[in-house]
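**Q** The structure's right below; bear with me while I get my questions together.
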Amino acid sequence: MKHDPPPAIEGGPPSLRPVKALRFVALIALIAVGIAATGVTTRRKDEQKLASWTVEQAIPDVAVIKAKHDDQVKGIVLPGDVEAFYSASIHGQTSGYVREWRADIGAKVKRGEVLAVVDTPELDQRVTAAEGELAKAKAKQVFAGVTANRWKTLGGSAAVSQQAIDEKASDVLVTDADVSAARANLDRLHALKAFSNITAPFDGVVTVRNVDIGSLVMPDSAASKPLFVVDELNRVRIYVHAPQVYAAKMREGMQATLVLPEYPGREFPARISTTSDAIDAKSRSLMVELVADNSEALLKPGDFAQVNFQLPADPDSVTVPASALLFRDEAILVATVDDKSRIKLKKIHIARDYGSRVEVADGLSAADEIVKNPLESIADGDEVRVVRPGSGEDAGGAKPSPKLAEGSMK
């Protein structure tokens with residue numbers, strides 16, 4: 001049987017045309033394999049980038065700052081009460097009625113000056129009676145002395161006994177004692193009589209007058225109002241209740257200034273003279289006493305004053321932003337970053353709160369790197385990526401995410 005020859009391939013000799021066709025097919029296959037391999041490699045790279053980006057996003061970025069030493073003198077303002085340097089409430093020491101008063105409120109008086117005169121008729125009668133008792137006691141004293149001398153003269157005879165002589169001698173001692181007692185009683189009444197003149201105890205100003213002509217004066221000072229109140233106003237005392245947090249700063253001799261509502265824009269110098277050296281259990285405050293000159297008589301007892309203190313900075317304290325604080329389990333914490341980029345929470349004690357910043361008394365040092373705005377969920381040992389000022393990252397502390405290759409998610 002005779003077969004026909006295969007059809008000829010155009011473009012070459014008949015013997016080479018099948019080989020060229022095979023090569024063309026192989027080339028197409030290689031191109032397809034190359035394209036597939038490239039796609040797989042690209043996908044793997046994109047997957048690796050995605051995994052790396054995911055890991056990076058799992059580590060939070062935190063902005064850190066340094067705690068600062070605050071060397072500036074701090075001014076605090078506390079309310080104060082102005083009182084007279086000396087204040088005397090004068091009460092009556094004897095019963096009677098006011099005959100006249102000589103000093104009204106606002107009067108400047110000298111020590112010993114008479115403020116009022118009290119009539120004491122009852123006391124006058126007692127003085128008269130006491131004078132009579134003294135005269136009687138003196139008469140008995142004279143008679144007892146004469147009798148004792150006579151009996152002593154008769155002692156050498158049998159007319160009197162030694163017992164009688166001794167009795168008469170003892171009568172002299174008794175009358176001497178009676179005279180001393182009568183004189184002491186009269187002196188006491190004269191002293192009470194001297195209180196019928198109400199006098200000023202020191203140089204000062206009369207700030208209270210509670211008497212008028214005819215007013216009854218009683219010696220019971222606990223049950224009656226003072227007749228007069230005299231204040232020494234050349235100097236004044238100012239009392240301030242300083243909170244416990246400032247107690248250690250209040251030192252004797254520290255300078256302060258007073259501002260009073262009635263003198264806007266004017267300051268009065270004062271200084272700390274002493275403190276109570278004890279914290280009040282109810283208010284948790286320290287009583288501080290200041291003294292101010294009042295030669296111009298501008299400061300008045302009972303005034304309210306704003307007392308400005310300039311407190312020296314604590315060399316051991318640092319300040320941090322209020323945004324760096326964490327409040328957990330009734331404790332105040334600050335998140336710090338160690339040299340391995342791990343979080344370490346530190347418990348602190350706040351000395352003073354200035355609003356946007358707080359002064360930390362202990363728990364931190366100036367070498368600590370502090371997380372400026374920590375997340376509420378942040379915990380000890382968490383790994384973080386530190387963002388420092390000027391690092392070129394955005395304000396939130398996050399780096400731009402790597403761009404995924406097109407088609408990587410196919």
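The values are calculated or read from the model by the stated rules, or taken from the named source; none is laboratory data. Keep in mind that what you see is a predicted model, and the values were worked out from it rather than measured. Here Cβ is always computed from backbone atoms with ideal geometry, including for glycine, and neighbour counts include all displayed protein chains.
One line per residue, one yes/no per condition, for (1) of a type in the set (Lys, Arg); (2) in contact with a Cys (Cβ under 7 Å, 6 or more places away or on another chain); (3) not in a loop (DSSP other than H, G, I, E, B):
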residue: 305; (1), (2), (3): no, no, yes
residue: 308; (1), (2), (3): no, no, yes
residue: 327; (1), (2), (3): no, no, yes
residue: 340; (1), (2), (3): yes, no, no
residue: 345; (1), (2), (3): no, no, yes
residue: 380; (1), (2), (3): no, no, no
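**Q** Whether any residue in region 96-103 is β-branched (Val, Ile, Thr), under 27 Å from residue 217 (Cα atoms), touching a Phe, Trp or Tyr at 6+ places or on another chain (Cβ under 8 Å) and not in a helix (DSSP H, G or I) is what I want to check.
**A** Looking for residues that are β-branched (Val, Ile, Thr), under 27 Å from residue 217 (Cα atoms), touching a Phe, Trp or Tyr at 6+ places or on another chain (Cβ under 8 Å) and not in a helix (DSSP H, G or I), one finds none in region 96-103, hence no.
**Q** Taking region 289-302, which residues are farther than 14 Å from residue 260 by Cβ, under 25 Å from the mean Cα position of the chain (by Cα) and touching a residue at least 60 places away in the same chain (Cβ under 8 Å)?
**A** Scanning region 289-302 gives a single hit, 291.
Table: residues versus (1) in contact (Cβ under 8 Å) with a residue 40 or more places away in the chain; (2) part of a loop (DSSP other than H, G, I, E, B); (3) among the basic types (Lys, Arg).
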| residue | (1), (2), (3) |
| --- | --- |
| 192 | yes, no, no |
| 198 | yes, no, no |
| 205 | yes, no, no |
| 214 | yes, yes, no |
| 229 | yes, no, no |
| 235 | yes, no, yes |
| 265 | no, yes, no |
| 272 | no, no, no |
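**Q** In region 382-405, how many are in a loop (DSSP other than H, G, I, E, B) and modelled with pLDDT of 80 or more?
**A** 2
**Q** Of all residues in region 362-374 being modelled with pLDDT of 80 or more and surrounded by 14 or more Cβ atoms within 10 Å (Cβ to Cβ), which is nearest to residue 326 (Cα to Cα)?
**A** Only one residue tops the list, namely 374.
**Q** Out of the residues in region 326-361 meeting the condition of being surrounded by 13 or more Cβ atoms within 10 Å (Cβ to Cβ) and among the hydroxyl-bearing types (Ser, Thr, Tyr), tell me which one is farthest from residue 373 (Cα to Cα).
**A** This residue is 341.
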